Amino acid sequence: MKYFVVDAFAENVFGGNPAGICVLEEPLSSETMQSIASENNLSETAFVYKKELGKYDLKWFTPKAEIDLCGHATLGTAFVIANFIDTEVAEMAFSTLSGTLTVTRRGDLLEMDFPSRMPEEIEVTEEMEKAIGAKPLAAYLSRDLILLLEDEKSVKELDPDLEQVMALTDGLGVVVTAKGTEYDFVSRCFFPKLGVNEDPVTGSAHSSLIPFWAQKLGKEDMAAKQVSKRGGILQCKNAGERVRISGVAVLYLKGEIFV
């Protein structure tokens, strides 16, 4: 099968979040896809199968498990389709575990239409504080545990205990966030339960961060930065029951997988 590695939410290679994109000629078993994702050992490997022009099946796997939503691997998949598979397509519809997701080409940007997942406030616990090595101002839960910190500096300097992060019962991953200085808000994301210590740029986490910060800041259009070592910029729009996440991507690798 054709295989690509794309740096998503990046203008240059070695930035953003690398995603493996496998273009399938025929559907594969979950076991085979999981084996490939483990072998690739990227935070996510996407598997895309074309049903007809503009319509595709899409699945995402971490090195340890299949997941229900992934932003950067969706952006990477759309980039591959737009540039190497169906170059005439302006809008792509992906059938996924999170329903049908659309991606639209808007100039250099790829705009993803994702479900909105407003997190609900929960009690801050001692375990959370020990896990991240800082006292959160507040805690929220959707798919992930979202911890609000005092400022951008606190997010950047955070040094979590990943074993204790893994032991937290709430959330698939832990997302720390704060109001930004240059950008509307910043974040970092940790997913040791999925074999990903720190995810460089996490589109799926913004399904929760966008409605959260839209309510907090009183604005619908926002620019966000994930302040990991690689870093990445996300253009965000709150749209009721949906969120729109836009970004750019760049090709790192093109090859073939033999299984």
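The values are calculated or read from the model by the stated rules, or taken from the named source; none is laboratory data. Predicted, not measured: the structure shown is a model, and the values here were computed from it. Reconstructed Cβ throughout: ideal geometry from the backbone, glycine too, with neighbour counts over all protein chains shown.
Some values worked out for this structure:
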quantity	calculated
Matching option when the condition is surrounded by fewer than 16 Cβ atoms within 10 Å (Cβ to Cβ), within 20 Å of the chain's Cα centre (by Cα) and of a type in the set (A, V, I, L, M, F, W, C), among L97, L110	L97
Failed condition for F84, given (1) exposed (fewer than 15 other Cβ atoms within 10 Å of the Cβ); (2) not in a helix (DSSP H, G or I)	(2)
Qualifying strands (runs of 3 or more DSSP E) (wholly inside region 119-193; at least 3 residues being surrounded by 14 or more Cβ atoms within 10 Å (Cβ to Cβ))	138-141, 145-148, 174-179, 185-191
Test result for K237, assigned to a loop (DSSP other than H, G, I, E, B), at pLDDT 95 or above, at negative phi and not small (G, A, S)	no
Every pair of residues 6+ apart whose Cβ atoms lie under 8 Å, when the first sits in region 68-95 and is in contact (Cβ under 8 Å) with a residue 12 or more places away in the chain and under 10 Å from G203 (Cβ atoms) while the second is of a type outside the set (A, V, I, L, M, F, W, C) and in a helix (DSSP H, G or I)	L69/S207; G71/H206; G71/S207
Selection from region 112-133 of residues that are under 28 Å from A8 (Cβ atoms) and aliphatic (A, V, I, L, M)	M112, M118, A131, I132
Single residue of region 228-259 satisfying the filter (of a type in the set (V, I, T) and touching a Ser or Thr at 6+ places or on another chain (Cβ under 7 Å)) that is surrounded by the most Cβ atoms within 10 Å (Cβ to Cβ)	V243
